[in-house]
Amino acid sequence: MQASLLQSRFETIRSNKLFETFVISVIVISALLVGAKTYDMPPTFGSITLILDWFISAFFLTEICIRFLAEPKKRLFFKNFWNWFDTLIVVVSLIPADNTDLAVIARLVRVFRVLRMISIIPELRILLVSLVKALPQLGYVMLLMFIIFYIYAAIGSTLFEPINPVLWGDITISLLTLFRVMTFEDWTDVMYETMEVYPLSWLFYLTFIFFTAFAFLNMVIGIVVNVMEQENTKARQAEKAESNEPDLHMVMAELRGLRAQVDNLRRQETYSE
């Protein structure tokens, strides 16, 4: 009975919005602390950051323990990927970050504390899950884009290599040049240079930009948005299902009330006889 009472208290703490906001605030402070350590700091401020760092590590460890103790079935806690992720980040961040062989690794892990926002904020989880689920469809789009890149790189290397070997010397350099054109990084300078020899070479660049920067980019955005909408729909349905689940205490109270009514009816029948 006492164990269930403690579990309900931990569950109340875990689901408390104020506690969740405080966790997010600590994650933000942790990120700012990592950034502050990249500057030259006076010794006093360095000591303060060290104390804050250990406080943040202790808080994250406590928060993980609270979430674990609030879980009704403890063995199911680590079946959740985000619980594994948070636990790994917290445990590794306990490595001392000063004057040890693992100091560099410890500092790098502390940078990844910011990623805990993804596991805390449901909207960020939906974004990441949508992106991961869209990867199989995006793979085919990327393959088709690579084919277009390869064809244009081969054409560009064949035609424009005498004009500027630095940009079109071989197919790998041509691929980098085409990536520069796709991202609109001074692409007109590249085009005007080749137009001095091939006046119609603007068709090469415009068609390439149309296929890559416009068509394929919109396809990628459409796939991600579609998967994201599906994930949002699933999340709303899950929340609706949870909200419609009957409360066990209310059901038991209604059953007790019905039983009392049945007992009263039986007594009345007995008296009437």
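The values are calculated or read from the model by the stated rules, or taken from the named source; none is laboratory data. Everything quoted here is computed from the prediction, not taken from an experiment. Cβ sites come from the backbone with ideal geometry, for glycine too, and all protein chains shown count toward neighbours. Side chains are part of the model used for accessible areas, which takes the heavy atoms of the whole protein and leaves out ligands, DNA and RNA. Shrake-Rupley method; radii C 1.70, N 1.55, O 1.52, S 1.80 Å.
Some values worked out for this structure:
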item: Among (1) in a helix (DSSP H, G or I); (2) modelled with pLDDT of 90 or more; (3) open to solvent by 90 Å² or more (accessible area, probe 1.4 Å) - the single one Phe208 does not satisfy; result: (3)
item: Residue in region 234-252 that is open to solvent by less than 90 Å² (accessible area, probe 1.4 Å), closer than 24 Å to Pro136 by Cα and at pLDDT 80 or above present; result: no
item: Looking only at region 196-205, and only at residues there that are assigned to a helix (DSSP H, G or I) and within 14 Å of Leu167 (Cβ to Cβ), the one that is most open to solvent (accessible area, probe 1.4 Å); result: Phe204
item: Failed item in (1) modelled with pLDDT under 80; (2) open to solvent by less than 80 Å² (accessible area, probe 1.4 Å); (3) not aromatic (Phe, Trp, Tyr), with Thr38 passing the rest; result: (2)
item: Enumeration of residues in region 164-178 that are hydrophobic (A, V, I, L, M, F, W, C) and either touching a residue at least 12 places away in the same chain (Cβ under 8 Å) or outside the structural domain of Ala154 (by the TED database) (or both); result: Leu167, Trp168, Ile171, Ile173, Leu175, Leu178
item: Residues of region 12-28 satisfying the condition of being aromatic (Phe, Trp, Tyr) and modelled with pLDDT under 85; result: Phe19
item: Which numbered condition Met228 fails, given (1) aliphatic (A, V, I, L, M); (2) modelled with pLDDT under 85; (3) outside any helix (DSSP H, G or I); result: (3)
item: Residue check for Asp53: among the charged types (D, E, K, R) and either touching a strand residue (DSSP E or B) at 6+ places or on another chain (Cβ under 7 Å) or outside any helix (DSSP H, G or I) (or both); result: no
